[in-house]
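A.B. asks: Structure provided below as structure tokens; questions to follow.
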Amino acid sequence: MSSLLSPLDRVYRAHVSIIKHRQWCRFAGILAYGKVSIVDDHPTAFTDGVNVAYNGAFVESLSEAQLRFVVLHEAMHKAFRHLTVWRVLMRDNAKLANCAMDFFVNTTLMHENAGADFLAMPPIGIQPKSEYVGKSVKQIYEDLRQQQNSGGGGDGQGEPHDSHGWDEAQALTVSEEAQAQQAKEVEAALRHGEMMHRKRNADTAGHDQGLFGDLLTPEVDWRTVLQDFVRDVCRARQESSWRRPNRRFLADNVYMPSMDGVSLSDIVIGFDTSGSCFGTSTMTRFVTEIAGIVEAVNPGRTHVVYWDTEVSGHQVFEGGQFSVSEMRPVGGGGTIGSVLFDYLRAQNLTPTCIVQFSDGYVGSWGSTTVPTLWALTSEGITAPFGTTIHIKD
């Protein structure tokens, strides 16, 4: 397929199409993670779990929909950290592990595409199987191995359209610290994409986390999730300025972001002042953690809003000077979780992020397009949008 654009420009244009798409913009952050290059030493595409390389002739052979599919295929490997998480499968049977990962990716992509023309399978590649929808890589691997052991082939599934750099991936994660850092960077990229998706789909209900839901609810200490949430929002603002688009794409009405620093403006900390959670030792631990985070990220203003069935108090702390001793909580009635969001809209206040402290028994949860974290004291309750952490000893 001839094109006036170079292979690398075509890849970048595919990135932009994905970022601008209402559904697939979830991948915006992960597409920006790692380097992209055009090479001759791989026949199709290649990833080491962070960086992606494409063969120029292979790119030229693909339609726009096929190229978007290949780009998202590599992004899926990165998002799910396949080359680190499933290294144990590679050691057992590398070819089978490669097939299992590609079955997972291709089946998931075409299932999510749901017959639309935005994505198309390239001429080569592991063909999706409906029976693998919702299955993990490990489950697919076990099924393929069972087929192989029973004489059914198992790994004879066709030629993949990419190469998986197991050795290169291992070199990037030689220590537990390096693996943990990569996991943190990937999660930050995924959260950035979810923020963009939530804003693009503000007129729809739910704001579910779709493909990445399980990846964004890690089983780690609540303090870590709280810290990372606020810092990830800061990082997203610093890395995502569109004020200076890449000039090479302007003639085609295609915009790529520049790397401008953007300062954090306002954050909102909402406190449920109903008697079941306000003034407890759990709240004391939460407030202490918040104070440290505010000091670290230094927002322009920290808004502390007290609410029960209505907003009963609003304090503003300037320049990262949040002070626990100066908090003046008021309220103590029932609980309606939507009142904070209604209040912010009425005040024309659009913060960078919102953190809500509550027991979770809020009646109406409300809605917002602002990245929101719910810090809940009750186990078994999860907010219908945003990120939920459960504060416990």
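FYI, it's all coordinate maths here, none of it is from the lab. Quantities reported herein were computed from a predicted structural model and do not represent experimental measurements. We place every Cβ from the backbone using ideal geometry, glycine too, and count neighbours over all the protein chains shown.
A.B. asks: Given a Förster radius of 22 Å and the C-beta distance between Ser364 and Glu310 as r, what FRET efficiency does 1/(1 + (r/R0)^6) yield to the nearest 0.05?
C.D. replies: Working: r = 13 Å, r/R0 = 0.57.
Efficiency computed from Cβ-Cβ geometry: 0.95.
A.B. asks: Starting with the highest mean, order 131-142, 66-77 by the number of other Cβ atoms within 10 Å, averaged over the residues of each peptide. List each step's numbers first, then the result.
C.D. replies: On the way: 131-142: 16.1, 66-77: 24.7.
For the peptides 131-142, 66-77, the packing ranking is 66-77, 131-142.
A.B. asks: Over 19 Å apart: what share of the alpha carbon pairs of region 108-192 falls there, rounded to a whole percent?
C.D. replies: Summing the P(r) tail past 19 Å for region 108-192 gives 62 percent.
A.B. asks: Let me know the shape class of region 309-361, please: from the alpha-carbon gyration tensor, a ≥ b ≥ c as square roots of the eigenvalues, rounded when a/c is under 1.5, otherwise prolate if a/b is greater than b/c, or oblate. Walk me through the intermediate numbers first.
C.D. replies: On the way: a/c = 1.77, a/b = 1.22, b/c = 1.46.
It is oblate, given that a/c is not under 1.5 and a/b is not larger than b/c.
A.B. asks: A further question on this structure: Beta carbons within 10 angstrom, averaged per residue: use that to sort the peptides 103-109, 19-25, highest first. Provide the component values of the computation, followed by the final result.
C.D. replies: Working: 103-109: 22.6, 19-25: 17.7.
Going from most to least packed, we get 103-109, 19-25.
A.B. asks: Can you give the direction-averaged projected area of the convex hull of the alpha-carbon atoms in region 337-393, in nm²?
C.D. replies: Working: hull surface 15.2 nm².
One quarter of the hull surface, i.e. the mean projection, equals 3.8 nm².
A.B. asks: In Å, what Kirkwood hydrodynamic radius results for region 7-173 from the alpha-carbon pair distances? Write down the numbers at each step before the final one.
C.D. replies: On the way: mean 1/r = 0.0623 Å⁻¹.
Taking every pair of different Cα atoms in region 7-173, averaging 1/r and inverting gives 16.0 Å.
A.B. asks: For region 7-173, give me the percentage of DSSP beta bridges that are antiparallel, rounded to the nearest 5 percent.
C.D. replies: Numbers: 3 of 9 bridges.
Approximately 35 percent, going by the DSSP bridge assignments.
A.B. asks: So if we plug the beta-carbon distance of Glu177 and Arg87 into 1/(1 + (r/R0)^6) with R0 = 25 Å, what FRET efficiency do we get, rounded to 0.05? Could the numbers behind the result be given before it?
C.D. replies: Working: r = 17 Å, r/R0 = 0.66.
Calculated transfer efficiency: 0.90.
A.B. asks: Can you tell me the length gained on complete extension of the stretch Lys199 to Leu4, counting 0.36 nm per residue apart and subtracting the Cα distance? If you can, show how the numbers build up before the last one.
C.D. replies: Details: separation 195, 0.36 × 195 = 70.20 nm, distance 3.34 nm.
Gain in length upon complete extension: 66.9 nm.
A.B. asks: For a footprinting-style exposure proxy, rank His15, His164 by other Cβ within 10 Å, fewest first. Before the final figure, lay out the partial values.
C.D. replies: Working: His15 20, His164 23.
Arranged by neighbour count, lowest to highest, His15, His164 become His15, His164.
A.B. asks: Could you give the length gained on full extension between Asp117 and Lys20, defined as 0.36 nm per residue of separation minus the Cα-Cα distance, in nm?
C.D. replies: Length gained, Asp117 through Lys20: 33.4 nm.
A.B. asks: Let me ask something else about it. Which entries in the list Lys78/Lys184; Lys35/Lys199; Lys35/Lys78 go over 21 Å, if you measure between the two C-alpha atoms of each? Mind showing how you got there, number by number?
C.D. replies: Details: Lys78/Lys184 12 Å; Lys35/Lys199 26 Å; Lys35/Lys78 12 Å.
Exceeds cut-off: Lys35/Lys199.
A.B. asks: Further question: Under a plain spin-label model, where a point goes 7 Å from the Cα along Cα-to-Cβ, how far apart in nm are Thr350 and Ile381?
C.D. replies: So the two model labels end up 3.0 nm from each other.
A.B. asks: Could you calculate the contour length gain from Val133 to Asp167, that is, 0.36 nm times the residue separation minus the distance between their Cα atoms, to one decimal place in nm? Mind dumping the intermediate values first?
C.D. replies: Working: separation 34, 0.36 × 34 = 12.24 nm, distance 2.89 nm.
Full extension of this stretch gives 9.3 nm more.
A.B. asks: Ranked highest first by the average count of other Cβ atoms within 10 Å around their residues, in what order do 357-369, 165-177 fall?
C.D. replies: On the way: 357-369: 19.1, 165-177: 14.1.
Final packing ranking: 357-369, 165-177.
A.B. asks: Ranked by Cβ crowding within 10 angstrom, fewest neighbours first, how are Asp266, Asp228 ordered? Walk me through the numbers on the way to the answer.
C.D. replies: Values: Asp266 17, Asp228 20.
Ascending number of Cβ neighbours within 10 Å: Asp266, Asp228.
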